[in-house]
Structures are given as C-alpha cells and as structure tokens.
Amino acid sequence: MPDANLLVGVTVLDLASVGPAARTSRWLADYGANVVKVGPTPKQGGVQITPPFYAYAGHRDMQRAQFDLKAEAGRDAFLRLAARADVVIESFRPGVVDRLGIGYAAVQAVNPAVVYCSTTGYGQDGPYSQWAGHDLNYLAVGGYLDCSGRDEHGGPALPGATIGDGAGGGMHAAIAILAALVHRASTGAGTYLDVSVADGVLSLMSLHLDEHLATGAVPAPRHDLLTGRFACYDVYPCRDGRWLAVGAIEPQFFANLCRALGCEQWIEHQHDDAVQDEIRMDLRRALATRDRDDWVAELGPANTCVSAVASVPEVTEDPHFAARDTFSDAHDARHGEFRQLGRVLAGMNRHQGRVEVRPATVTDTGELLRGAGFDETEIAALLEEGVVA
C-alpha cells in the first residue's frame, strides 16, 4: 500500500525557529500538514536564530510568514491567521506568549478548537520552569547522563545525538498534538499542551525509574543488560580499528555468536556475573582478528545480532537505507546541490522529488493573509507599516 499524506488539510503555525518545536513541525509537515513558519519581521533581526540552509530539511514543503508581534496590528494579523489554524506551536519561555497577546487564551478566543502546544525545557510550572537549558541539561536532570557510558575522565560521556530535543521534546510534542487532533475529531474540543523536554526524558528513562521506585535499585553503567552488564550486549573493536555492536540478548543468538567465534565454552554462562570479564576478553580477542566489514558480512545475516558501528558518512551511503529511499536530492541557490534525509518515519510519503530550498528572506505572508480574509488594501497597509513582511 503506498504511503499517503496522512495530515493533509491540517494547518500548523510554528513560532519556533530551532530546537524541539522545530523538529515537531518538521515531522508534521512530512506527514502532509500545511506548516507555516512564523518569524519576526526584518526590523526585529536577531530576535530568532536562523538555522543553516540544510537544517530541518531546509524547511521543505513549508510556508513562511513574518509578523511584528509587539505591534498591535502585527499581533492582530497573526490572530486572524491563527483563527483558521488547527495547531499553534510555540517555544518561548513560560509567560512570554501571554505578554505578547498570542497565548492560548488569546488564540482560543478566536479559535475554540485550536490545539495549542507550548514546548519548553522544564514545563510551564515548577521550580525550574524559568531556567535556561539545552539538550544536555534535560538529559542530565532526567537521569539519562548518569546511566550513560563514561568518558576517559570517568565522567558521563556526551551523547552522540540530541536525544532530549529530538525524542524528549520534538517527538513528545508531535505525539501529543496528534492525540489532541484525534480528541478534537471526536469531541470538537481544542486542547492546551504543556510539553516539557525534561518530562519527555523521564518517559525515555521509564525502565530505570520504575525499577528504582519498585525495588530501590540504583541504575548506572553496567547495572543491567541494556547498560552493559553482560558481554553479550556491548561494543567491540576489530582489526581495522572500527567497531561492532553486539546485541545478542536472546540465548539462541548468543549461542550462534559464540559458535561463530570459537567461544562455545561460554554459551551456558551468558548471565554468569563471575565470568563476564573473561567472556569479554575472548570475544574481543576473536573479533580483533578480522576487519569490521568482514565480520558484518558473516555475522549480520547469521542471527547473531551483530552490526557495524557506522560513521555518519557510512550511514549516508548504506545500501539498505538507499533501497528504502531514505535520502533525497536538494538544491540551494547559494550552496548548490546537496542531499538530505527524506521522509523516513512510517506512513510518510518517501517518494519525493528534488527539493528546492527557498531563501530565508522569501515569505508567503501576503498569500496567507489573503486566505485569512484580508483584502489587498489591508495587506498593503500592513506591509507599508512594517508589521508584516
């Protein structure tokens, strides 16, 4: 069955330029929603971060509008646009949108069925709500960093991806928005969503948190199977200095691995804490005799749960991802041809053509205002006044 634009007909106004909320609108657009990126007018230059041309897939399939939200006419124009939207996303600190006059109460007054999503680091209330923070901070307070591997100094290793912003915030918000849209479809009621990235990190840490709350255990590196307690779930170097990931959790997969490596003596000792160092030593010794890709070719299809630890360049050239139409071609007038990650989540329409990245200065404000009922005289006056662009 071909993929479809599952959110076609849904209009989203996104007031965020970067971070978790921008990831949310990226995914909603990739599911077919009409996303409008709302930013400040040029005279407010520097108010928002302008991401690189390639970031967030170059804002493909999105529209752009600019408003001076501190001016009454600009705020009123935005609210007329919001009156026709299905979703509004913002990522200001708690209280800012209310001071600007575009908070949930103001938007709900003109659009009672709106789904209004506020995305912040720590949520709208609580002792940390006004704290500044970034991905690393949210992973830290949520326990993720303390349970991660250690660096050469013995401290928590920096994560290789923005897990908090991406999953704890962006996907958290997307799931909440979709749930609210389903609720609205059956009840007609709008919803206010208080998305906290730190709360999302807690959700990701639920196995560890629930174990501690139920048993008093203190999860940490090497504490359990999934954090490296056993040799069957670890990473190992190969002859060429590259690495393999071994995730042979099930006994039959561990047995297959041991037989392939000549380590049959350990098959019955998979979870024996007393010999884990010895098992690791033997697995490490065996895997160091060949290059990574030679092992992957043999062990990958052999039910051993072994895979390459791929670099980012290797990921972009992986034949498996190529077969699944994972990457697409794009063009930017200033930077030329490049490739970008396509629509990869389930249900998205993967089969897209070449993407043309529009200059950040190009907007659709006039078209959007016409759709909101403004006439040409009103639009011209707003442009002349500089409250929209």
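Since every read-out is calculated from the coordinates, none of them should be taken as a lab result. It should be emphasised that the depicted structure is a prediction, and the values quoted were computed from it without experimental measurement. Note: ideal-geometry Cβ built from the backbone for every residue, glycine included; neighbour counts use all protein chains shown.
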#### Entry: For the chain, calculated [θ]222 nm from helices alone, where every DSSP H run of n ≥ 4 adds -39500 (n - 2.57)
-9500 deg cm²/dmol
### Message
Contact order normalised by length for the range 6-122, with contacts defined as Cα pairs under 8 Å and 6 or more residues apart; what percent is it?
### Response
28
### Query
Of the residues VAL197, VAL312, VAL218, which exhibits the maximal mean-square fluctuation in a Gaussian network model of the chain defined by a 10 Å Cα contact cut-off?
VAL312
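If you count the DSSP beta bridges with both ends in the chain, what percent of them are antiparallel, to the nearest 5? Present the calculation step by step, with values, prior to reporting the outcome.
Values: 16 of 41 bridges.
Roughly 40 percent of the beta bridges in the chain run antiparallel, per DSSP.
Determine the percent antiparallel among the DSSP beta bridges restricted to the range 309-388, to the nearest 5. Mind showing how you got there, number by number?
Numbers: 6 of 9 bridges.
Here the antiparallel bridges make up roughly 65 percent for the range 309-388.
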#### Entry: Average Cα contact separation per residue, the range 128-232, under 8 Å, 6 or more apart, as relative contact order %
30
### Message
Taking the 0 to 90 degree range and rounding to the nearest ten, how far is the long axis of helix 206-215 tilted relative to the main principal axis of the chain, both from C-alpha atoms?
### Response
60
### Query
Amide H neighbours of MET62 under 5 Å, counting only residues 5+ apart in sequence or on other chains, H built in-plane at 1.01 Å?
none
### Residue of ASP364, ASP293, ASP199 that the Gaussian network model of the chain assigns the largest fluctuation, springs spanning Cα pairs under 10 Å
ASP293
### Message
Compute the angle between helix 276-287 and the longest alpha-carbon principal axis of the chain, please, reported from 0 to 90 degrees and rounded to the nearest 10.
### Response
90
### Task
Please work out, to two decimal places, the log10 of the ratio I(q)/I(0) at q = 0.06, 0.09, 0.15 Å⁻¹ from a Debye calculation in which every Cα of the chain carries one identical scatterer.
-0.32, -0.67, -1.36
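Note down the Stokes-Einstein diffusion coefficient of the range 170-221 in µm²/s, whole number, using a Kirkwood radius over alpha carbon pairs, 20 °C, and 1.002 mPa s.
Working: Rh = 13.1 Å.
Answer from the Stokes-Einstein relation: 164 µm²/s.
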## Note on the structure
For the chain, the longest principal axis of the Cα atoms and the Cα long axis of helix 20-30 enclose an angle in degrees, to the nearest 10, of 80
### Peptides ranked, highest mean first, by Cβ atoms within 10 Å: ranges 331-338, 273-280
273-280, 331-338
### Query
Per Stokes-Einstein, at 25 °C and 0.890 mPa s, what whole-number D in µm² s⁻¹ belongs to the range 259-389, with the Kirkwood radius over Cα pairs as the hydrodynamic radius?
118
